[in-house]
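The values are calculated or read from the model by the stated rules, or taken from the named source; none is laboratory data. Computed from a prediction, not measured in an experiment: that's the story for all the values here. Reconstructed Cβ throughout: ideal geometry from the backbone, glycine too, with neighbour counts over all protein chains shown.
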Amino acid sequence: MKYFSKQELENALPYPELIEALKEGFREGGHVPTRHRHNVQTESGVENSLLLMPSWQIGGMVGLKIVMVCPENNLKNLETVQSTYIISDATTGEVKAILDGDELTARRTACASALASSYLSRTNSCSMLMMGAGKIASHLIKAHSAVRELKQVYIWARRSEQAEELANRLSNELSTTITAVDDPEKYANICDIISCATLSNEPILKGNWLKKDLKQHIDLVGGYTYDMREADNDVISKSEIYVDTLDGALAEAGDILRPIKEKVITASDIRGDLFNMVNKDFIKPITNKHTVFKSVGTALEDLIAAKYVFDNAIN
């Protein structure tokens, strides 16, 4: 049995290859039961969350991501989210590998967004606004750069120093011009791709910021509960809507469920998900409306990424 550390996954999961693996994996499909969630009380009385996320493919592999969300970890200089991924033979149950769950999640999430962008954004897209400068922001910028020739990337965050730090770091890693900005409205009006990865409960992207005569692609990644929002109703109503999985989006995505509840859109306004997009007969939207891709994540993405790592490690 092999253990893959964060550093090993950085080398084992290059963005272009993982994007292609996700495309093939969604074409193959798999079984993804509803994730299990349990509250784990600590000695201080604070409740941690234990999440169990399984997925498997018949005759292939079964994977399980174990996630602990520990709100008091910041007091111990630890990440709030701690996760581990276990991949086993789906027929025999033999454990094949254990992987760092945090790096696996960040990379598969970013590459799923880039996969959607490869179908939905304009092929000549060359500028991107990154709203949020947390752990996944660098992955999103790199993954989107793998499918579109980005020349300008602008980074905005509520903490300007965080945006500056990320921009400086990525400027040393990428040939793209990367700039930290203070005014997201200005850059939302000019960028081809807008990616949001925050934990906001109130919309940070406004529909009246978008350019009227430019078809833009909006990538909503951060919100994963009903109470979280990154785009206002105006963004949603002006766009063709796509999601990573229909079941996931209609179960917990506030950016989709709340506009439905407020009668801004209906569930039937969702044009498709990644399963539809990777079909060879998928037709790219030809309207002048913006496109929105809402990601909430799926255990199938974890399984595809982990299987890619394991298969390439033994070959």
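Quick one: which residue in Asp182, Asp255, Asp247, Asp227 is out of contact with any Ser or Thr (no Cβ under 7 Å at 6 or more places or on another chain), assigned to a loop (DSSP other than H, G, I, E, B) and not β-branched (Val, Ile, Thr)?
Asp227
Which of the residues that make up region 291-315 are touching a Leu at 6+ places or on another chain (Cβ under 9 Å) and among the charged types (D, E, K, R)?
Across region 291-315, the qualifying residues are Lys294, Glu301, Asp302.
Looking at region 232-239, is at least one residue in contact (Cβ under 8 Å) with a residue 40 or more places away in the chain, crowded, with 21+ Cβ neighbours inside 10 Å and farther than 19 Å from Tyr119 by Cα?
Yes, because at least one residue in region 232-239 is in contact (Cβ under 8 Å) with a residue 40 or more places away in the chain, crowded, with 21+ Cβ neighbours inside 10 Å and farther than 19 Å from Tyr119 by Cα.
Being assigned to a strand (DSSP E or B) and over 13 Å from Ala133 (Cα atoms), is that true of even one residue in region 157-173?
no
Here are some residues: Val147, Val181. Which one is surrounded by fewer than 24 Cβ atoms within 10 Å (Cβ to Cβ) and over 20 Å from the mean Cα position of the chain (by Cα)?
Answer to the selection: Val181.
Looking at the structure I just gave you, is Ser127 surrounded by 21 or more Cβ atoms within 10 Å (Cβ to Cβ) and either over 24 Å from Val292 (Cα atoms) or touching a helix residue (DSSP H, G or I) at 6+ places or on another chain (Cβ under 9 Å) (or both)?
Numbers: surrounded by 21 or more Cβ atoms within 10 Å (Cβ to Cβ): no; either over 24 Å from Val292 (Cα atoms) or touching a helix residue (DSSP H, G or I) at 6+ places or on another chain (Cβ under 9 Å) (or both): yes.
No: the conditions fail for Ser127.
Among what's in region 165-208 and is within 16 Å of Ala110 (Cβ to Cβ) and of a type in the set (Gly, Ala, Ser), pick the residue that is modelled with the highest pLDDT.
Going through the qualifying residues, I end up with Ser195.
From the list Asp311, Asp281, which residue is in a loop (DSSP other than H, G, I, E, B) and over 19 Å from Tyr224 (Cβ atoms)?
It is Asp281.
Could you list all residues from region 124-140 that are over 15 Å from Gln152 (Cα atoms) and either hydroxyl-bearing (Ser, Thr, Tyr) or more than 12 Å from the chain's Cα centre (by Cα) (or both)?
Hits for region 124-140 are Gly132, Ala133, Gly134.
Exactly one condition in (1) closer than 24 Å to Glu103 by Cα; (2) in contact with a Pro (Cβ under 9 Å, 6 or more places away or on another chain); (3) basic (Lys, Arg) is not met by Arg229; state its number.
Result: Arg229 passes all but (1).
Which residue is surrounded by the most Cβ atoms within 10 Å (Cβ to Cβ), if the candidates are limited to region 251-275 and must be free of Cβ contacts under 8 Å to residues at least 40 places away in the same chain and in contact with a strand residue (DSSP E or B) (Cβ under 8 Å, 6 or more places away or on another chain)?
Asp255
What are the residues in region 259-293 that are among the β-branched types (Val, Ile, Thr) and touching a Pro at 6+ places or on another chain (Cβ under 8 Å), if any?
Matches in region 259-293: Ile265, Thr291.
Here is a yes/no grid of residues against (1) at pLDDT below 95; (2) in contact with a strand residue (DSSP E or B) (Cβ under 6 Å, 6 or more places away or on another chain); (3) more than 14 Å from Asp192 (Cα to Cα); (4) not assigned by TED's automatic domain parsing to the domain that holds Ala21:
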position	(1), (2), (3), (4)
Lys96	no, yes, yes, no
Leu99	no, yes, yes, no
His139	no, no, yes, yes
Ser145	no, no, no, yes
Tyr154	no, yes, no, yes
Ala163	no, yes, yes, yes
